[in-house]
1. Can you find a residue in the range 25-40 that is closer than 30 Å to Lys137 by Cβ and surrounded by 11 or more Cβ atoms within 10 Å (Cβ to Cβ)?
2. Given the condition part of a helix (DSSP H, G or I) and touching a residue at least 12 places away in the same chain (Cβ under 8 Å), answer yes or no: does some residue in the range 29-41 qualify?
3. Does the range 91-131 hold any residues that are among the polar types (S, T, N, Q) and under 19 Å from Val37 (Cα atoms), and which are they?
4. Which one of Val78, Val57 is modelled with pLDDT of 95 or more and either β-branched (Val, Ile, Thr) or on the phi > 0 side of the Ramachandran plot (or both)?
Amino acid sequence: MDMTEGHRRNISITFQLLDQALCEFRSWAEGREYKSVFYEEVNNLGPERRDALLKEVEYLQARLREVQNALQLEGHAVRATESIRSHATSLWLYLVELGGKYLRGYGDPSPELLAFLDPRVRELLQGVQHIGDIVNKESDATEGVNR
């Protein structure tokens, strides 16, 4: 089928986003739950809903394959390093905004809050930067998983 490069790009990106979401839905259908400090997922999907969700995800991914083949569209492989780098950069910006000068936009923070929070935020910023440094190593671009 004839289409412009703009059409091809728009269609591909939209279907990539849908497929990425379907992968996440599949993960929940397979029982995914994360439990951490400030973030927790509660997988409240019962067996029937999990099965139905998994079947629907499989159906939609089969339709995506048909469209991909018919329109000769390419998928996009997202490297873990790219995804981690992107998340770390975004999170770094949010953490910076927890500094005293930015918190003042919500009213004057108490000196005690700043004395408590500032060093901890600096430490978290360093940790997020370190995560970025870890994934930016050149060897990761050409090697498999390093431990």
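The values are calculated or read from the model by the stated rules, or taken from the named source; none is laboratory data. It should be emphasised that the depicted structure is a prediction, and the values quoted were computed from it without experimental measurement. Neighbour counts are summed over all protein chains in view; Cβ atoms, including those assigned to glycine, are modelled from backbone coordinates with ideal geometry.
1. yes
2. yes
3. The one that is among the polar types (S, T, N, Q) and under 19 Å from Val37 (Cα atoms): Gln126.
4. Val57
For (1) under 30 Å from Thr4 (Cα atoms); (2) assigned to a helix (DSSP H, G or I); (3) at pLDDT below 95, each residue gets a yes or a no:
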site	(1), (2), (3)
Glu82	yes, yes, yes
Leu113	no, yes, no
Arg120	no, yes, no
Lys137	no, no, yes
